[in-house]
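Below you'll find the structure, written out as structure tokens, and then a few comments.
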Amino acid sequence: MAKKIIPGKLYARIRMSIPIFYVNAIIRTRDGVLLGKRNNEPAKGKIWYIRGRVWLGETPERAVLRKVKEETGLNARVSDFVGLYSTVFKDDKTTQTMNAVYVVDAIGGRLQMDRRHSEFVFLKSIGRNLHPYIKRTLSDSKVFAGKRRVEKGRRKTYAFVIKQG
């Protein structure tokens with residue numbers, strides 16, 4: 001299904017009224033877990049996941065692979081679903097996102113930065129300087145703790161409020 005672009009003013013009204021559905025990628029590479037320093041709001045200047053909206057008719061799994069390719073140039077495969085998290089960004093406008101977080105494994109392609117990031121960072125562990133949302137989701141993913149035990153049943157949903165500045 002072809003994506004339809006919502007005009008900017010209408011999208012601003014929508015995002016102030018309802019949560020927006022996003023995917024976040026915890027990208028495992030042989031050099032570590034890949035994150036990017038964001039150029040755009042929300043979370044501008046912060047080390048953050050490769051992320052993006054899910055288009056109408058697109059599965060979250062396809063969306064996360066699309067975003068990884070668009071923003072990093074890497075091909076990937078989905079390894080695990082970590083959970084569903086809610087973030088509220090308090091910047092010039094309040095934005096709430098519902099984030100499906102996935103662990104993906106880089107399987108090819110050529111790493112290249114797009115306009116959304118000023119640098120890429122490869123993590124070998126959960127650093128103290130990371131945002132609490134990133135720390136929590138990395139911890140939940142168990143990417144730094146070897147094999148992860150898949151839990152049966154429902155996953156918990158977590159909420160984070162993120163204030164800019």
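The values are calculated or read from the model by the stated rules, or taken from the named source; none is laboratory data. Remember, predicted model here, so these are calculated numbers, not experimental data. Using ideal geometry, Cβ is built from the backbone for each residue, glycine included, and neighbour counts are taken over all protein chains shown.
Brief remarks on what is shown
- On inspection, PRO19 passes the criterion of being exposed (fewer than 15 other Cβ atoms within 10 Å of the Cβ), touching a strand residue (DSSP E or B) at 6+ places or on another chain (Cβ under 7 Å) and not polar (S, T, N, Q).
- Selected residue (criterion: modelled with the highest pLDDT) from residues of region 1-54 that are within 16 Å of GLU70 (Cα to Cα) and polar (S, T, N, Q): ASN24
- Residue within region 140-147 that is outside any loop (DSSP other than H, G, I, E, B), modelled with pLDDT of 80 or more and either within 17 Å of the chain's Cα centre (by Cα) or crowded, with 18+ Cβ neighbours inside 10 Å (or both) present: yes
- In region 22-72, residue farthest from PHE144 (Cα to Cα) [restricted to those that are hydroxyl-bearing (Ser, Thr, Tyr) and buried (at least 18 other Cβ atoms within 10 Å of the Cβ)]: TYR22
- Hits in region 86-110 - residues which are closer than 15 Å to ILE27 by Cα, surrounded by fewer than 18 Cβ atoms within 10 Å (Cβ to Cβ) and in contact (Cβ under 8 Å) with a residue 60 or more places away in the chain: ASP105
- Put simply, of LEU84, LEU34 the only residue that is closer than 19 Å to ARG116 by Cα and of a type in the set (A, V, I, L, M, F, W, C) is LEU34.
- Residue count for region 98-119, restricted to those that are farther than 18 Å from ASN39 by Cα and of a type outside the set (A, V, I, L, M): 6.
- Region 53-100, subset among the small types (Gly, Ala, Ser) and assigned to a strand (DSSP E or B), residue nearest to GLU41 (Cα to Cα): SER86
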